[in-house]
C-alpha cells in the first residue's frame, strides 16, 4: 500500500483537473518528486502535457505551516513581474478531492543544482549562476507590492520580532528534547532584535540554489520555486539566508554547503563579495550587523528542521528520512552562534 503522503487518488483528481485546468486532458499519471521536506510535490503527466501539483501534507499541521494557498497567491501575483516564476493554473481548497489543499502549475524543463559548489560546471558558469541568483534576489526585493496586489501579504510592524515570535513558538511546539545551543541562540536573538528600519519588501523565505530552475543551457533562472514562507518582510533576511550556504559544511541532509572550499578557485563569490554586489544593485551602501541576519536565518532553519523531525515522529512527514533531521538542529544553532561571535 502506498504511503499516504506519496500517493494521489487519480480517480478523484483527474475529473477535477479536466474541469479546472484549461485544456487539460487525461489519461493522467503521477510521479512524486523525491526531494523536498515540506509540501509534497508531484509531476502530473497527461495527454495535454506535464504539470506540477503541490499539496499540503495530510494529518494535523502546525498553525500557518504548509500554506500552499499563499504560495499560489504570490505565484499568480508575480506572473507579470521581473521575478521568474512558473505559471499557475488553479488552487483547490476542497480537501475532499485528494485529502488536502493543493494547486497546479506548469512544469518547467530546466536544471536544478543540488551541489552548492556546482562541480559539474565550468568556473565561468559558476560565477554566472551565483550572479544570476543575486540579480533575481534584487528583482524580488524591488517588486512593487502594491501594483502586484500584495500590499496585505504580511503583517505590519517589526518583521524580525514577528518572525522570532513565530519560529520560537513553532520550535517549542515541535521540540522533542532540550538542545542547549538552541536555548542560548533563542535567548540571544530575543535580546538583540534590531529596531525596525522601515525596509519592507516581498521576501521569499527559502531563497537558495536548489529552489531555482535554471534554463537548460544558459545561466538564467526560469522559475523560482517553493514560496511557502514568502511574506512582506525585511529583505536582508533573504540575503542572510542565502549566505548560510557559504558557511555550512558540505552536506546537511539535502542541503549542500561550501564551508572550507576555495571559493576563488571555484569562481564562487565570497560572502563579502556577494553582499556587496547585492547592495550595489539595490543602491545601498552596505548591510550593518550582517552576522545577526545570518544567525537569524540559521535559527529559523533549525526551527523548520525540528518541525520536519516532529512530523516524522507523528508519521506524516513528506520525506521518509525526516527522522534524521533532528540531529541537524544542534549544528545549525552552533553555526548561528559562530556567526554572532564573528559579527
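Quick note: the coordinates plus some simple rules give every number you see, no bench work behind them. Fair warning: this is a prediction, and the values are worked out from it, not measured in the lab. Positions of Cβ are backbone-derived with ideal geometry, glycine not excepted, and every protein chain shown enters the neighbour counts.
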Open item on the list: So, R0 is 30 Å and r is the distance between the beta-carbons of residue 144 and residue 47; what FRET efficiency does that work out to, to 0.05?
Closed with: 0.15
- [ ] Could you sort 225-233, 283-291, 112-120 so that the peptide with the highest average Cβ count within 10 Å comes first and the rest follow in order?
- [x] 225-233, 112-120, 283-291
Task: Rule-of-thumb Rg ratio for region 4-106 [Cα; 2.2 N^0.38 Å; N residues] - done: 1.04
Task: Packing-based order for 298-311, 167-180, 326-339, using average beta carbon neighbours within 10 Å, highest first - done: 298-311, 326-339, 167-180
Task: Folded to 0 to 90 degrees: helix 290-314 orientation relative to the chain principal axis, Cα - done: 40
Task: Extension gain, residue 70 back to residue 259 (0.36 nm per residue minus Cα-Cα distance, nm) - done: 64.7 nm
Open item on the list: Quick check: Cα centre of region 86-148 to Cα centre of region 224-277, how many Å?
Closed with: 15
TODO: Give the angle, between 0 and 90 degrees and rounded to the nearest 10, that separates the Cα long axis of helix 180-191 from the longest principal axis of the Cα atoms of the chain.
DONE: 80
Task: Computed over region 4-106: relative contact order in percent, which uses C-alpha pairs under 8 Å that are six or more apart - done: 24
- [ ] As a check on your grasp of the helix formula, calculate [θ] at 222 nm for the chain: sum -39500 (n - 2.57) over DSSP H runs of n ≥ 4, divide by the residue count, round to the nearest 500.
- [x] -13000 deg cm²/dmol
Task: Cα→Cβ-extended label distance, 7 Å offset, between residue 220 and residue 31, nm - done: 2.6
Task: Using alpha-carbon coordinates, inclination of helix 271-282 to the longest axis of the chain, degrees - done: 70
- [ ] With r as the distance between the Cβ atoms of residue 172 and residue 338 and R0 = 30 Å, compute the FRET efficiency 1/(1 + (r/R0)^6) and round to 0.05.
- [x] 0.80
